[in-house]
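Worksheet: one structure, shown below.
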Amino acid sequence: MMRAMLLDAPGGPLRAAEIERPRPGPHQVLLRVRACAVCRTDLHVVDGDLPRPKLPLILGHQIVGSVVEPGPDVERLRTGDRVGVPWLGGSCGACDYCRSGRENLCDNARFTGYQIDGGFAEFTVADERFCFAIPEGYPDLQAAPLLCAGLIGYRSLVAAGEARRLGLYGFGAAAHIITQVARSRGRRVFAFTRPGDAEGRAFAIACGAEWAGGSDETPPEPLDAAIIFAPVGALVPLALKAVKKGGRVVCGGIHMSDIPSFPYRLLWEERQVLSVANLTRADALEFLCR
């Protein structure tokens, strides 16, 4: 048996329970959970913003765990290995998306803490092909947020291109990690927080942003690109106003409120709006191992 926190229905609280410990199936490993971070997407699942979750459900998709028992056909992992388990828990491997390196778009993809039980428990099972070694030197608590906030933030940063002046809207888990990554690569970061959030602005500056203001403010210089991490559709027109001609606005969230209508002139002059969906294993290997 093991202890776990269960979601019985969207909109309800998590319930502490003692349930049977899972057994690993083909290509799966049983993991003892060492740490599991909380993500905004967990709240979207609880609130019912993401439809048809597995129920009852163990949430949590930023898992650091140690292999306790390899299942049948496991080839790479051994008992005692420390690994990370991200949001993408599996894909079909055969469709056009999977075969072209875009497994994040697979119609049959399955996600940890959503269609697969996650890490708000003492143990969990995961497909070894979608687990990643955690580099030495990363403590469990610091490694766990890298498995979603870090990975999806990194994919968003790549999607933003070679922007030298980068705006980040919504300064939470992903933005504070990606600010540090961007600064290490010589980018200039401009942070946008909730209007009036002095504490958030101070945090952004401490993380390396050279300017921080409210999302209703205009940055001191036109931006080359902006990433929106906050799930607020109304930020899209504001970000388009802030980027220069040819600039790019990346929407990095899994869920976002509706984008209000805006005049075409904000999009004109080859500005772009694009979304980032989930992550791929290549993203994880590049981000964690570079």
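Residues are listed down the side, and each one gets a yes or a no for (1) surrounded by fewer than 18 Cβ atoms within 10 Å (Cβ to Cβ); (2) farther than 26 Å from residue 172 by Cβ:
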{"site": "31", "(1), (2)": "no, yes"}
{"site": "40", "(1), (2)": "no, no"}
{"site": "47", "(1), (2)": "yes, no"}
{"site": "53", "(1), (2)": "no, no"}
{"site": "59", "(1), (2)": "no, no"}
{"site": "62", "(1), (2)": "no, no"}
{"site": "66", "(1), (2)": "yes, yes"}
{"site": "70", "(1), (2)": "no, yes"}
{"site": "74", "(1), (2)": "no, yes"}
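Give me the pairs: first residue in segment 134-151 and buried (at least 24 other Cβ atoms within 10 Å of the Cβ), second residue aromatic (Phe, Trp, Tyr) and in a helix (DSSP H, G or I), beta-carbon distance under 9 Å, and six or more apart or on different chains, which are they?
Listed pairs, sorted by first residue: 146/154; 146/287; 150/287; 151/287.
Scan segment 6-28 and tell me whether some residue there is within 21 Å of the chain's Cα centre (by Cα) and surrounded by fewer than 19 Cβ atoms within 10 Å (Cβ to Cβ). Spell out the reasoning first.
Step one: filter segment 6-28 for residues within 21 Å of the chain's Cα centre (by Cα), giving 7, 10.
Checking which are surrounded by fewer than 19 Cβ atoms within 10 Å (Cβ to Cβ) leaves us with 10.
For segment 6-28, residues within 21 Å of the chain's Cα centre (by Cα) and surrounded by fewer than 19 Cβ atoms within 10 Å (Cβ to Cβ): present.
Quick grid of which residues meet (1) within 27 Å of residue 6 (Cβ to Cβ); (2) part of a strand (DSSP E or B); (3) touching a residue at least 12 places away in the same chain (Cβ under 8 Å):
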residue	(1), (2), (3)
97	no, no, no
104	no, no, yes
124	yes, yes, yes
153	no, no, yes
157	no, no, yes
167	no, yes, yes
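For (1) among the aromatic types (Phe, Trp, Tyr); (2) within 24 Å of residue 46 (Cα to Cα), each residue gets a yes or a no:
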site	(1), (2)
125	no, yes
129	no, no
138	yes, no
165	no, no
168	no, no
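Would you pick out the residues in segment 106-122 that are buried (at least 19 other Cβ atoms within 10 Å of the Cβ) and either part of a strand (DSSP E or B) or aromatic (Phe, Trp, Tyr) (or both)? Walk me through it before giving the result.
Of all residues in segment 106-122, those buried (at least 19 other Cβ atoms within 10 Å of the Cβ) come to 106, 109, 111-114, 116-121.
Listed by number, the residues that qualify are 111, 112, 114, 116, 120, 121.
Looking only at residues that are basic (Lys, Arg) and free of Cβ contacts under 8 Å to residues at least 24 places away in the same chain in segment 42-81, which one is farthest from residue 27 (Cα to Cα)?
Filtering first and then ranking leaves 52.
Taking strands (runs of 3 or more DSSP E) that do not extend beyond segment 1-89, which have at least 3 residues that are at pLDDT 95 or above and out of contact with any helix residue (DSSP H, G or I) (no Cβ under 9 Å at 6 or more places or on another chain)?
Where strands (runs of 3 or more DSSP E) fall fully within segment 1-89 and carry at least 3 residues being at pLDDT 95 or above and out of contact with any helix residue (DSSP H, G or I) (no Cβ under 9 Å at 6 or more places or on another chain), they are 2-7, 14-19, 28-36, 63-70.
The values are calculated or read from the model by the stated rules, or taken from the named source; none is laboratory data. Only a predicted model underlies this, so the values are computations on that prediction, with no experimental measurement involved. Cβ: placed from backbone, ideal geometry, glycine included. Neighbour counts: every protein chain shown.
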